[in-house]
Structures are given as structure tokens and as C-alpha cells.
Amino acid sequence: MICTFTRWKCIGCVQSVVGSSLSTTSLLFGNQTVNTTSASQTVTFANVGATTININSITLNPTTNYTFTTTCGTTLRAGRNCNIVIRFAPKSLGVLTAAITIADSADPLPQVISLTSTGTAALAPVLQVSPLSLAFGSITNRTTSPAQTVTVSNTGTGPMGINGGISLGGNNSNQFTQTNNCPLTLAAGASCTVSVRFAPNQKGAKTATLNVNVAAPTVSQQVALTGTSL
């Protein structure tokens, strides 16, 4: 007796269903900064048939921008499943695609997981301080000058940490005062202001610096302060 079935096997006239399935056939990872690695996404490969199937291969092509690990072995018993865990790690900018191909004994054609994601430029803060010097001229000792303003801006594309905040330094830092409204993190495109006053308690020419301390890779900057107490 000859028996023919689609995705069935006939063994001694006993019919056995053979089949496998994927939880999804496509993954989108969205935007990911170049040279960083995304959170993982998992695809489940299941044996939906009644007999054990052979997993001949699981391959990724190309391997440049994606990686995967798997709990799948070389066989998968009926009713069981295993996982394919995928991450996106772009090496270049733009839309980046790849495919994971699973060849198994249950299907005449390989099953494919399509991968699509976008590599984006790193978010880079840029510090801009204006002006870079303040001259208070001459004032009477033990008086306080009118305030002069320094603007601190983030002209880059990522948040900027103002680590250590805004501070006074230099030989005569105690002859000047400052107040500011700068947050611990300055968003891209945002700015804050620093009000500086000359408040000498000793006669003579005085110098100091206003230090704008920011997190790497952004470079911190200083504003030169000068004034004379009469």
C-alpha cells in the first residue's frame, strides 16, 4: 500500500504529522547607536508535529551587524520548542538588514527570520561658553559690582552632564561670587546662565576663573575673571 501526504509521514500505514513553526518571521530593532548593542529579542522555534525533527542548521547572513545565540540543538522532540536570541550591534550608519535561516527536516524549504534595523550616529554633546572672559574694572574695596552673565550652552546632539557643577577657581577666587541656574544634565540645544560679581575684600588687582565642569568626552572650559579693588 502506498500513502502520500503533505507534510505527513506514513509508517506502516500510521500517519504522523510533521511540522515546525516560528513565533515570528521578522524583527525590527529600531534605531541603535553605532558600536553599541541593543537589548535582545527572542524568536521561538517550535516542533508542532507528532515526531522528532532534525535541526540541520541555523545560520545568520551577513554577520556584520547582528549576533545570535540559540538553545536549539540538533533535534527537537514533538511538542517542544527552543529559542533564538538576537541582538543588533551596528557597525555603520543607515538601514541594516540580515536574515537568520533555519533548515530542518520538517520543511522542504528553510524558514527565514528577516532582520531590519537602523544604525544611528552617537549622541554627542558640545559645550559652548560665552563670553570666555569678564573684566569688572575698578571698584571700591568691600563693595560688590553689578552682575555680569555667562551663558553655558549644549550645541550638540546628546545630553551633557555638568559634573562638578559651576565653580570659582584661581588665585583670588574668594574675591568673586557666582550663582547659576544650570542643571546637572543640560539637554541638547539647551542653555543656562551664570551670574558673576566682583566682591573684593582686599585691595589690588584680582584674577580668578569661572570653571564650567562637564562630563567626558566634552571638554570643560574656563572663563577668565579680572577686577581691581581700590
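The values are calculated or read from the model by the stated rules, or taken from the named source; none is laboratory data. Fair warning: this is a prediction, and the values are worked out from it, not measured in the lab. Positions of Cβ are backbone-derived with ideal geometry, glycine not excepted, and every protein chain shown enters the neighbour counts.
Key figures
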quantity: Selection count, region 54-95, where residues are in a loop (DSSP other than H, G, I, E, B) and not polar (S, T, N, Q); calculated: 11
quantity: Qualifying residue in region 169-178 (condition: assigned to a strand (DSSP E or B) and either basic (Lys, Arg) or within 30 Å of the chain's Cα centre (by Cα) (or both)); calculated: no
quantity: Check on Gly204, within 18 Å of Leu230 (Cβ to Cβ), surrounded by fewer than 18 Cβ atoms within 10 Å (Cβ to Cβ) and either of a type outside the set (Ser, Thr, Tyr) or in contact with a strand residue (DSSP E or B) (Cβ under 8 Å, 6 or more places away or on another chain) (or both); calculated: yes
quantity: For Val85: the one exception among (1) in contact with a Phe, Trp or Tyr (Cβ under 8 Å, 6 or more places away or on another chain); (2) surrounded by 15 or more Cβ atoms within 10 Å (Cβ to Cβ); calculated: (2)
quantity: Exclusive hit being of a type in the set (S, T, N, Q), in contact (Cβ under 8 Å) with a residue 40 or more places away in the chain and farther than 12 Å from Pro125 by Cβ, set Ser145, Ser173; calculated: Ser145
quantity: Qualifying residues in region 96-109 (those that are part of a loop (DSSP other than H, G, I, E, B) and surrounded by 15 or more Cβ atoms within 10 Å (Cβ to Cβ)) - the one modelled with the highest pLDDT; calculated: Ser105
quantity: The listed residue being among the small types (Gly, Ala, Ser), on the phi > 0 side of the Ramachandran plot and more than 34 Å from the chain's Cα centre (by Cα), out of Gly94, Gly79; calculated: Gly79
quantity: Cross-chain or 6+ apart pairs with Cβ under 7 Å, region 183-208 first and closer than 18 Å to Asn172 by Cα, then among the aromatic types (Phe, Trp, Tyr) and modelled with pLDDT of 95 or more; calculated: Val196/Phe176; Arg197/Phe176; Phe198/Phe136; Phe198/Phe176; Ala199/Phe176; Ala208/Phe176
